[in-house]
């Protein structure tokens, strides 16, 4: 078993009243390797100026996480099969809509990877599709989006 952690820090900006619901949603995310991200609510959810359009929002992080995990598995599987990948890009899109219970949820994420292969054998269309299918099946994040989320206040 492995564990992963992220630290989040938000604090009220000087001069904001908070109880009027007019406060900045900008916050910092810190990861164990030292990376930091400026994060915020989506401007589609909380209007500007209380959101920061330049920051990463949770919905984007979910889409990016699925895309990244898929790519990492794809690269690993392609290497094992002897395919030399030169470039991989993905224009992933997530759709927020009402789910079967009527709650807003990320109801679909579509990955749209484009892969360039180098020297050596490149997979044909069927083998490429099979590689993507295997990567999807192996992706920890894709296998996790149905998992329980608990909140344990300290």
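One residue alone among 130, 134, 97 is out of contact with any strand residue (DSSP E or B) (no Cβ under 9 Å at 6 or more places or on another chain) and either touching a residue at least 60 places away in the same chain (Cβ under 8 Å) or part of a strand (DSSP E or B) (or both), and that residue is 134. If the condition is being in contact with a strand residue (DSSP E or B) (Cβ under 7 Å, 6 or more places away or on another chain) and surrounded by 12 or more Cβ atoms within 10 Å (Cβ to Cβ), then the stretch 114-127 contributes 115, 117. Against the conditions (1) more than 23 Å from residue 135 (Cβ to Cβ); (2) surrounded by fewer than 16 Cβ atoms within 10 Å (Cβ to Cβ); (3) in contact (Cβ under 8 Å) with a residue 24 or more places away in the chain, residue 26 satisfies every one except (2).
Taking the numbered list (1) without any contact (Cβ under 8 Å) to a residue 12 or more places away in the chain; (2) over 30 Å from residue 16 (Cα atoms) in turn, residue 84 passes all entries but (1). Set side by side, the residues 39, 6, 64, 35 differ, and just one is assigned by TED's automatic domain parsing to the domain that holds residue 132 and closer than 25 Å to residue 111 by Cβ, which is 64. When each of 29, 75 is tested for being closer than 30 Å to residue 124 by Cβ and touching a helix residue (DSSP H, G or I) at 6+ places or on another chain (Cβ under 9 Å), the lone residue that passes is 75.
For every residue, the table says whether it meets (1) crowded, with 16+ Cβ neighbours inside 10 Å; (2) over 20 Å from residue 141 (Cβ atoms); (3) within 14 Å of the chain's Cα centre (by Cα).
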{"residue": "1", "(1), (2), (3)": "no, no, no"}
{"residue": "9", "(1), (2), (3)": "no, yes, no"}
{"residue": "38", "(1), (2), (3)": "no, yes, no"}
{"residue": "54", "(1), (2), (3)": "no, yes, no"}
{"residue": "92", "(1), (2), (3)": "yes, no, yes"}
{"residue": "101", "(1), (2), (3)": "no, yes, no"}
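Yes/no per residue for (1) surrounded by fewer than 10 Cβ atoms within 10 Å (Cβ to Cβ); (2) in a loop (DSSP other than H, G, I, E, B); (3) out of contact with any strand residue (DSSP E or B) (no Cβ under 7 Å at 6 or more places or on another chain):
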{"residue": "45", "(1), (2), (3)": "no, yes, yes"}
{"residue": "62", "(1), (2), (3)": "no, no, no"}
{"residue": "68", "(1), (2), (3)": "no, no, yes"}
{"residue": "75", "(1), (2), (3)": "no, no, no"}
{"residue": "82", "(1), (2), (3)": "yes, yes, yes"}
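With respect to residue 150, is the statement that it is within 23 Å of the chain's Cα centre (by Cα), assigned to a loop (DSSP other than H, G, I, E, B), farther than 14 Å from residue 92 by Cβ and free of Cβ contacts under 8 Å to residues at least 12 places away in the same chain true? Yes.
The values are calculated or read from the model by the stated rules, or taken from the named source; none is laboratory data. Keep in mind it's a predicted model, so treat the numbers as computed, not measured. Quick reminder, even Gly has a Cβ in these numbers, built from the backbone with ideal geometry, and neighbours come from all protein chains shown.
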